[in-house]
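Visitor: Just dropping this structure here.
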Amino acid sequence: MNSLRLVLLACCVLIAKSALAGTPDGATIAQQGNGHGAAPCMACHGADGGGQAAAGFPRLAGLPQAYLRKQLEDFANGSRSNATMQPVVMSLTDAERDAVAEYYSKLPVPSAPPVKTPDGEAAHVAQTLATRGRWPNGLPACEQCHGPSGGGVGDHFPPLAGQSVLYISNALHAWKQGARHNDPLQLMQTVTSKLSEADIAAISAWYAAQPASTVKEAQP
Amino acid sequence: MKPSPWMMIGALFLLAACNQKAQQAAPSVANEPAAAATSPKHASGFEPPADSSIPSDDFGKQIALGRQIFIDTGRYAKGYVGNQLSCENCHLDAGRLAQSAPLWGAYPMYPAYRSKNHHVNTFAERLQGCFQYSMNGKAPPLGDDVLVALEAYAYWMSKGESIGVAPLGHGYPKLPKPAQAPDYARGESVFKRDCALCHGDNGQGQQAAGRTVFPPLWGPQSFNWGAGMERLDNAAGFIKANMPLSRGNTLTDQDAWDVAYFMNGHERPQDPRFHGSIEETRKAYHDTPDSLYGATVNGKTLGEGVLK
């Protein structure tokens, strides 16, 4: 009888332990990696999730959880082609992908040094594209999906405000060239097919200069 | 060495695991490469003047105010708006876009006799109707700043057009009647596939930073049963030419009719002209196969209205 109890107890401990091991911690993965191949996210995305502007590594802090989760899946399946992110994501389990997406979505948006707003013709082009679009070419305004001041809308339209010039520019080029084709309804592929190099430079600089924290709203 | 049963079981597990990984890694159908880029065919018989040509004098101030009202109606015409919509939601590009009922397509056509109310309407009276029905609010009185500003904006935009001649691209395109009668269930599939991303699973739209980004399509915050968009032909034409936003003219005509039926097969605020009963109101104002007011759709008779 006693030995049976001992066996049961041992089983319970083992089950509890494996259950705990099966619930990865997003913060740990972000700060230390997952111990089996995935580098710590913060090595590139910064200790506060603010990204690294100069290298074009995006801010993850405060982005919508569903959006982050989908991007991880899309790096893995190649619909968002990225040589750095693909091996990282491939070594994360589904549960680990869930955990880091949740972790970063809940991080507060860190304050960033102000970025200079473009001026002259670039400012005019950017402001027009951001707020009005170019409808004779069938091009809607960025705000019509990404929200006022590019603050993001819901689960599918991430904030643009305060991402770095290089990140936004790289993303727009990736859409345009097809390296990234994970957009719902092919919205970004369609839009970027109508943007010139000058448009991309102007709009990237524009949104990089918009403050991220003031437009970030709590997700419902 | 012969493989032991345990090794074989282990191998099976591995295979299963690999298979699962492979399934996860395969791109979903939705991620297939883009079809050949399609550009919206917004055939237009008129090019409105650039916004930058709005004069900076006192007349120009009123034109600019009209433009602001058009873009953010709830803010600049507060008190006359009873929902989360703006004029621009159905008249894209601040009322400038062909096949999206542009202002320059309407302005030169007034005054006009309208069967909707059986008398000759001035342009200002036509605008009052927008507030009463599409905005589910109340009509600004004639001479009110809101109407004057909107009329000034429409007048400015129409400079150089012929009076009384409907220019190419006015109104919404008239689609041929669909091969199959519009259908709720087919419309629902189109909605889930192409519309819910922005307009939400329940057509409620999406807001951000206190502004409507994606307009509500039915329910208490949308247009009421008296609005022109309640008509299936109007809705199908608008949707075909303009939806999904930036990807106009990619839906089939059948899809456009079906999803228009689905959208207008939902309840929305009551027609302000309601009198007596749904039946009588239908007979008076909705006596057309293009209106679902009073019809039974998806097991429910429409026209009860919803409270704001």
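Each reported figure results from applying straightforward, stated rules to the coordinates on display, with no laboratory input. Since the model is a prediction, treat every value here as computed from it, not as a measurement. Heads up, the Cβs are rebuilt from the backbone with ideal geometry, glycines too, and the neighbour counts pull from every protein chain shown.
Visitor: Once the Cα atoms of helix A:94-106 and of chain A are each reduced to a long axis, what angle between those two axes, in degrees from 0 to 90 to the nearest 10, is obtained?
Guide: Helix A:94-106 and the main axis of chain A meet at about 50 degrees.
Visitor: Only helical DSSP H runs with n ≥ 4 go in: add -39500 (n - 2.57) per run for chain A, normalise by residue count and round the 222 nm mean residue ellipticity to 500 deg cm²/dmol.
Guide: After summing the helix terms and dividing by residue count, I get -14500 deg cm²/dmol.
Visitor: For a Förster distance of 45 Å, can you work out the FRET efficiency between the beta-carbons of residue A:23 and residue B:185, rounded to the nearest 0.05?
Guide: Calculated value: 0.65.
Visitor: So what is log10(I(q)/I(0)) for the range B:104-215 at q = 0.13, 0.20, 0.23 1/Å, when the Debye sum runs over its Cα atoms only?
Guide: Results for the range B:104-215 at q = 0.13, 0.20, 0.23 Å⁻¹ read -0.79, -1.13, -1.19.
Visitor: For residue B:297 and residue B:209, compute 0.36 nm times the residue count separating them, minus their Cα-Cα distance, and round to one decimal in nm.
Guide: 28.1 nm
Visitor: Which ordering of B:162, A:81 is given by a fewest-first count of other beta-carbon atoms within 10 Å?
Guide: Fewest-to-most Cβ neighbours within 10 Å comes out as B:162, A:81.
Visitor: Here is a follow-up. Given B:198, B:94, B:212, which one lies farthest toward the positive end of the charge dipole of the protein assembly as shown, if we put +1 on the Cβ of every Lys and Arg and -1 on the Cβ of every Asp and Glu?
Guide: Sorting the options by dipole projection puts first B:198.
Visitor: Compute the projected area of the convex hull of the Cα atoms of the range B:149-308, averaged over all viewing directions, and report it in nm² to one decimal place.
Guide: 11.7
Visitor: Aspartates and glutamates near residue B:240 by alpha-carbon distance under 19 Å, same-chain residues fewer than 8 away left out - which ones?
Guide: B:88, B:93, B:183, B:188, B:194, B:230, B:253, B:255, B:258, B:290
Visitor: Roughly what would the spin-label model give for residue B:166 and residue B:145, points 7 Å off Cα along C-beta, in nm?
Guide: 3.6
Visitor: Further question: Got a sec? How would A:90, B:229 order by Cβ neighbour count within 10 Å, fewest to most?
Guide: A:90, B:229
Visitor: Would you mind getting me the FRET efficiency between residue B:273 and residue A:128? Use the beta-carbon distance for r and R0 = 41 Å, nearest 0.05.
Guide: Plugging the Cβ-Cβ distance into 1/(1 + (r/R0)^6) gives 0.50.
Visitor: Would you please give the FRET efficiency between residue B:59 and residue B:118, computed as 1/(1 + (r/R0)^6) with r the Cβ-Cβ distance and R0 = 25 Å, to the nearest 0.05?
Guide: 0.15
Visitor: First check a/c for the range B:51-157, with a ≥ b ≥ c the square roots of the eigenvalues of its C-alpha gyration tensor; if it is under 1.5, answer rounded, and if not, answer prolate when a/b is larger than b/c or oblate otherwise.
Guide: Verdict is rounded for the range B:51-157.
Visitor: Points 7 angstrom from Cα along the Cβ direction at residue A:116 and residue B:252: gap in nanometres?
Guide: Taking the simple label geometry, residue A:116 and residue B:252 are separated by 5.5 nm.
Visitor: Another question, then. Using the count of nearby Cβ atoms within 10 Å as a rough guide to exposure, how do B:263, A:188 rank from fewest to most?
Guide: Fewest to most other Cβ atoms nearby, the residues stand as A:188, B:263.
Visitor: Rounding to the nearest 20 debye, state how big the charge dipole of the protein assembly as shown is about its Cα centre with +1 on each Lys and Arg Cβ and -1 on each Asp and Glu Cβ.
Guide: The dipole magnitude comes to about 720 debye.
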